[in-house]
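Inspection log for the structure reproduced underneath, given as structure tokens.
The values are calculated or read from the model by the stated rules, or taken from the named source; none is laboratory data. Just so you know, these numbers come straight off a predicted model, no measurement behind them. Cβ placement follows ideal geometry from the backbone for every residue including glycine, while neighbour counts extend to all protein chains displayed. These area figures cover heavy atoms from the full protein model, side chains too; ligands, DNA and RNA do not enter into them. Shrake-Rupley method; radii C 1.70, N 1.55, O 1.52, S 1.80 Å.
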Amino acid sequence: MNLPNKLTVLRICMIPFFVAALLYEGGASRNMRILADILFIAASLTDLLDGKIARKYNLVTNFGKFMDPLADKLLVCSALICLIELGQLPAWVVIIIISREFIISGFRLVAADNGIVIAASYWGKFKTVFQMTAVILLIFNIPSLALLTNIVLAVAVVLTVVSLADYIVKNRKVLTEGGM
């Protein structure tokens, strides 16, 4: 259990505390929302940090390859689902985002079964940055930033679709190999 993997586990362990803070008193407590945002930002930063450390010090492991993207999905999806409950996000946005994650995970499973590793694309990385930024802005819920929040969220949704199309186009052979 190296440092990048510990950071990934820490990110997963932070999720219940983040969710509890965000949903406390139905999201009405300003202090708990600030705590939720701090926890979300800290968890998001562990994602950035664990990858950099793993690559820089050659600490990439199978555990990390599996758990790091899963931890990211759990963090972002937990936040998005909570924001639906708080009435701040339409369900269709979350359905698009979660559907993309399922499709990409399926692609990766099929590819792995064929000995192919599908690396994260720049589109996927941009998508993650915009999704996390949108979540942070939505949690803060500052009326004067509503336009910015909506723009960042719209860009996140567009990048979600673009990154999915990019994965499908670049990796379509994964689905056609093996007699499919």
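A few remarks follow.
- When each of Leu137, Leu145, Leu89 is tested for being outside any helix (DSSP H, G or I) and modelled with pLDDT of 85 or more, the lone residue that passes is Leu89.
- Test: residue in segment 114-133 that is of a type in the set (D, E, K, R), free of Cβ contacts under 8 Å to residues at least 12 places away in the same chain, part of a helix (DSSP H, G or I) and out of contact with any Phe, Trp or Tyr (no Cβ under 9 Å at 6 or more places or on another chain): yes
- Restricting attention to segment 16-30, the residues that are without any contact (Cβ under 8 Å) to a residue 40 or more places away in the chain, touching a helix residue (DSSP H, G or I) at 6+ places or on another chain (Cβ under 9 Å) and open to solvent by 40 Å² or more (accessible area, probe 1.4 Å) add up to 5.
- Picking from residues in segment 87-142 that are of a type in the set (S, T, N, Q) and more than 25 Å from Val19 (Cα to Cα), the one that is least open to solvent (accessible area, probe 1.4 Å) is Ser121.
- Set Asn62, Asn58: member being at positive phi and not small (Gly, Ala, Ser): Asn58
- Thr8 being within 14 Å of Met67 (Cβ to Cβ), surrounded by 13 or more Cβ atoms within 10 Å (Cβ to Cβ), touching a residue at least 60 places away in the same chain (Cβ under 8 Å) and hydroxyl-bearing (Ser, Thr, Tyr): yes
- Within segment 33-86, the set of residues being open to solvent by 20 Å² or more (accessible area, probe 1.4 Å), of a type in the set (S, T, N, Q) and without any contact (Cβ under 8 Å) to a residue 60 or more places away in the chain comprises Asn58, Thr61, Asn62.
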